[in-house]
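Laboratory data are not the source of any read-out in this text; all were calculated from the coordinates shown. Worth saying up front: this structure is predicted, and the values here are computed from it rather than measured. All Cβ positions, even for glycine, are placed from backbone atoms using ideal geometry, and neighbour counts span all protein chains on display.
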Amino acid sequence: MTIGERLKEERQRIGLNQTLMAEKCGVTKNTQLAYEKGERNPDTAYLAHAAPLGVDLLYVVTGERKPRPADSISGDVAKFLEVYQQVNETDRDVLFRMAAAFAKAANIEV
């Protein structure tokens with residue numbers, strides 16, 4: 001997987017379209033598209049804007065994910081995980097399939 005493909009994956013994971021990602025990172029939509037196609041690589045200014053949006057920069061650049069500290073997740077995610085951990089395995093499967101269906105509808109790869 002290329003830097004551009006990982007950047008696209010991260011953009012989709014955080015729920016931004018190309019136009020909004022480009023705007024928040026100080027580039028044009030065409031530049032964002034060129035990054036994602038692998039025609040150009042993002043510079044440090046772009047990456048500095050992407051990090052606060054939740055983009056995993058280590059993953060984008062190296063393809064390697066590092067575990068995140070538990071306190072780095074949002075309150076809503078923590079609540080969902082708490083519910084997920086308290087239900088039985090069958091219900092966990094249902095929750096996962098529902099979340100995957102919503103992600104698919106939003107064009108987010110799971």
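Here each label is just a point 7 Å from Cα along the line to Cβ, and for Asp71 and Ala34 those points are 4.2 nm apart. Using Cα atoms only, what is the angle between the long axis of helix 3-13 and the major principal axis of the chain, expressed in degrees (0 to 90) to the nearest 10? So the inclination is approximately 40 degrees. Taking Cα centre as origin and charging only the Cβ of basic (Lys, Arg, +1) and acidic (Asp, Glu, -1) residues, the dipole magnitude of the chain rounds to 220 debye. Taking only alpha carbon atoms, the chain gives an Rg to Rh ratio of 1.03, where Rh is the Kirkwood radius. Based on every Cα atom in segment 3-62, Rg and the maximum pairwise Cα distance Dmax equal 9.7, 25 Å. In this calculation the C-beta distance from Phe96 to Leu53 is compared with R0 = 25 Å, giving a FRET efficiency of 0.45.
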